[in-house]
Amino acid sequence: MSFQDVRSRAAFERAEKVIPGGVNSPVRAFRAVGRHPVFIERGAGPRLWDIDGNEYIDYVGSWGPLILGHARPEVIKAIKEAAERGTSYGAPTVPETELAEEVLKAYPSMDMVRMVNSGTEATMSALRLARAVTGRSKIVKFEGCYHGHSDQLLIKAGSGALTLGVPTSPGVPEATASTTLSTVYNDLDGLREMFRVQGEDIAAVIVEPVAGNMGVVLPEAGFLEGLRALTQSYGALLIFDEVMTGFRVGYGGAQAHFGIDPDLTCLGKVIGGGLPVGAYGGKRRYLEQIAPSGPVYQAGTLSGNPLAMAAGLATLRLLQKPGTYEGLNAGRRRLADGLAGLARELGIPLQINGVGAMFSLFFTPDPVKDYATALRADAEFFARYFRGMLERGVYLAPSQFEALFVSTAHTERELDFTLEQARATLRSLR
Ligand code: PMP
């Protein structure tokens, strides 16, 4: 059946009248790729179907949570069983402790963890804690990293903020913006100089240990080790934002992969199994400062929600099966190698950055190692590639500055179908 989008177009026009930009999160509007979005009706395994009946192989995976693919039966069963016992109590439940225990087992840097409802809440709360325990006000982030939409973190941010050309959002008070220092990813010298000048005021450095929100950018050898050493010597906290990398780069996240022991860690996406969850945790001496055991206030009506805990627990237990991450890695490599070969064959400049189950494509001849080099990629070519792939049944993240995800549900069949469509698309664009 050929691609049709009459219903999605109408649905979008209807949504635009009542929802800003027609969407509840900006990148979903497809602005960067020059067309209206498709409206999704259902998903199963590696596939999505839209309301016009088009079928896609999905590499967005709800932007990361669906590492097992859509509607994995064990996860759905856990959610159904939880829902039948009630959807929220605002009182403690045993599954909250069970999920906390699973997270701590996988992340030895953490002694305690607090559940929240999104990655935004996790990073915002971790920074409050860092400021409280250091008595300092400034934080350092890296250009092109995205840590959610709290005021202090919408400074030179990645993801949709970057895609839409507003990395620093209007509405962030100058006083708030001035407490966020931003510097270049993979540039230890720049950070060292920043610490030399104002190290006594810096509460924390927050970093995506593998950046995924300017497209995927890997840390160069020594970068994360350097962050650890610098923060330690100045008495600042090192916060790993593993909302995207957690349980994705490997079960133990980027910190296990690179062997780094951060003070605080933020999680999200995978740990909620597709329901709204975030978490932040770390060293006991810090986490004990959180209310009610300490004075640093942070709360949530729906935090530790029983449906979300059930989905998260079911997901983590399935991920523990031997061979899971070998399979995810092999899937990512099969795609990356295939695409690299295609680009060579067709004479199209292409960089592919990836690790574990995340990767991205940059149409540029130069290696991408930070925000400035990511911006050199040909966004217009990417948009054409995106549209071509969509119409051929492959659903990619609708922006150059986003990661693509493989799930355990992507078998060789889907990966090879994707490569065939990439060949046809790239040929047509050459
Ligand atoms: N941190 C990182 C690294 C992220 O990728 C994201 C979301 N893409 C967030 C934080 C914010 O998470 P949420 O959208 O759940 O608020």
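Every number here is computed from the coordinates shown, using simple stated rules; none is lab data. The model shown is predicted, which means the values in this text are computed figures rather than measured ones. Backbone-built Cβ (ideal geometry, glycine too); neighbour counts: all protein chains shown.
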Enter the angle in degrees (range 0 to 90, nearest 10) between the Cα long axis of helix 324-346 and the first principal axis of the Cα atoms of the chain, meaning the one along which they spread out most.
-> 50 degrees
Which cross-chain or sequence-distant (5 or more) residues have an amide H under 5 Å from the amide H of GLY274, H modelled 1.01 Å from N in plane?
-> none
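Can you give the alpha-carbon Rg of segment 1-77 over 2.2 N^0.38 Å, where N counts its residues? Intermediate values should be presented prior to the final figure.
Numbers: Rg = 13.4 Å, N = 77, 2.2 N^0.38 = 11.5 Å.
Relative to the rule-of-thumb radius for its length, segment 1-77 sits at 1.17.
What FRET efficiency comes out for the pair GLU55/SER25, r = Cβ-Cβ distance, R0 = 25 Å, nearest 0.05?
0.60
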With the Cα gyration tensor of segment 103-254 in hand, convert its eigenvalues to equivalent ellipsoid semi-axes via √(5λ) and list them largest first in whole Å.
-> 21, 19, 17
Volume per residue (Å³) of the convex hull spanned by the alpha carbons of segment 254-316 is 95 Å³
For the table LYS17/LYS77; LYS80/LYS321; LYS321/LYS369, the rows whose alpha-carbon distance is greater than 30 Å are LYS17/LYS77; LYS321/LYS369
Ordered by packing density, taken as the mean number of other Cβ atoms within 10 Å over each peptide's residues, highest first, how do 160-166, 352-358, 400-406 rank?
-> 400-406, 352-358, 160-166
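Once the cut-off is 12 Å, how many percent of the Cα-Cα pairs in segment 15-58 end up in the long-distance tail?
Numbers: 609 of 946 pairs.
In whole percent, the share of Cα-Cα pairs in segment 15-58 beyond 12 Å is 64.
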Specify the inter-centroid distance of segment 400-430 and segment 152-229, based on alpha-carbon positions, in whole Å.
-> 31 Å
Those chymotrypsin sites (Phe, Trp or Tyr not before Pro) in segment 31-99 that DSSP places in a loop and that have at most 11 other beta carbons within 10 Å | TYR89
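Restricting things to alpha carbons, find the Rg to Rh ratio for the chain using the Kirkwood radius for Rh.
0.95
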Cross-link pairs beyond the 19 Å C-alpha cut-off, checked among LYS156/LYS269; LYS141/LYS269; LYS105/LYS283 = LYS156/LYS269; LYS141/LYS269
Average projected area [Cα convex hull, segment 1-142], square nanometres | 13.3 nm²
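Counting only helical runs of four or more DSSP H residues, what would the 222 nm mean residue ellipticity of the chain come to if each run contributes -39,500 (n - 2.57) and the total is spread over all its residues?
-12000 deg cm²/dmol
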Residue-count net charge about LEU68 - beta-carbon cut-off 13 Å; Lys, Arg +1, Asp, Glu -1 = +4
Using a 10 Å cut-off on Cβ atoms, rank the peptides 102-108, 12-18 from the highest mean neighbour count down.
-> 102-108, 12-18
Would you kindly derive the ³J(HN,Hα) couplings of segment 16-27 from the backbone phi angles with the Karplus curve 6.51 cos²θ - 1.76 cosθ + 1.60 (θ = phi - 60°), listing them in order in whole Hz, with x for Gly and Pro?
-> 4, 6, 10, 10, x, x, x, 9, 9, 7, x, 5
Give, as a single signed number, the net charge of other residues whose beta carbon lies under 15 Å from the beta carbon of THR163, with Lys and Arg counted +1 and Asp and Glu -1.
-> 0
Which of the peptides 315-324, 131-140, 214-223 is most tightly packed, and how do the rest follow, going by the mean number of other Cβ atoms within 10 Å of each residue?
-> 214-223, 131-140, 315-324
Considering amide H positions built from the backbone, and no H for Pro or chain starts, which residues 5 or more places from THR183, or on another chain, come under 5 Å of its amide H?
-> LYS141, PHE142, GLU143
